[in-house]
Amino acid sequence: MEINSAVIALAALAQETRLSVYRMLVEAGPEGLAAGRLADGLSVAPASLSFHLKELLHAGLVRSRQDGRYVIYSANYEAMNALLGYLTENCCRGTTAACLPITCCEPAKP
């Protein structure tokens, strides 16, 4: 991951609502959640949620797909793992035995 991509991702997460949305999507797993469920679960107005989802999409942390009349959002696990790897790549001065790589769920196969 490049430093500019890391800064964009961290900036997107540096806001309370976006961080809550992202954590909810990570918890939901690869199948994701409809925008309405996100709004209800976080008590966020739909217009406000759309703004925050746009920022997460721009940062590459979230993906969206159409499912009938619903838009389903899911966490981009590859981007999350790349960000975690970038943040920890020089952990313990490069002594990999002391710092195991941090990864999360494996993304679902298409």
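The values are calculated or read from the model by the stated rules, or taken from the named source; none is laboratory data. For clarity, every value in this text was computed on a predicted model and none was experimentally measured. Cβ placement follows ideal geometry from the backbone for every residue including glycine, while neighbour counts extend to all protein chains displayed. Areas reflect the complete protein model, heavy atoms only, side chains present, ligands, DNA and RNA absent. Shrake-Rupley method; radii C 1.70, N 1.55, O 1.52, S 1.80 Å.
Based on protein heavy atoms only, segment 1-46 ends up with 59 Å² per residue of surface accessible to a 1.4 Å probe. Between residue 48 and residue 10, the C-beta separation translates, for a Förster distance of 35 Å, into a calculated FRET efficiency of about 0.95. Among residues other than residue 62 with Cβ under 13 Å from its Cβ, the summed charge is +3 (Lys and Arg +1, Asp and Glu -1). Spatial offset of segment 45-65 relative to segment 1-18 amounts to 13 Å, using the alpha carbon center of each.
Computed from the C-beta positions of residue 64 and residue 86 and an R0 of 22 Å, the FRET efficiency is 0.40 to the nearest 0.05.
Put a plus charge on the Cβ of each Lys and Arg, a minus charge on the Cβ of each Asp and Glu, and nothing anywhere else: the dipole of segment 1-59 about its Cα centre is then about 80 debye.
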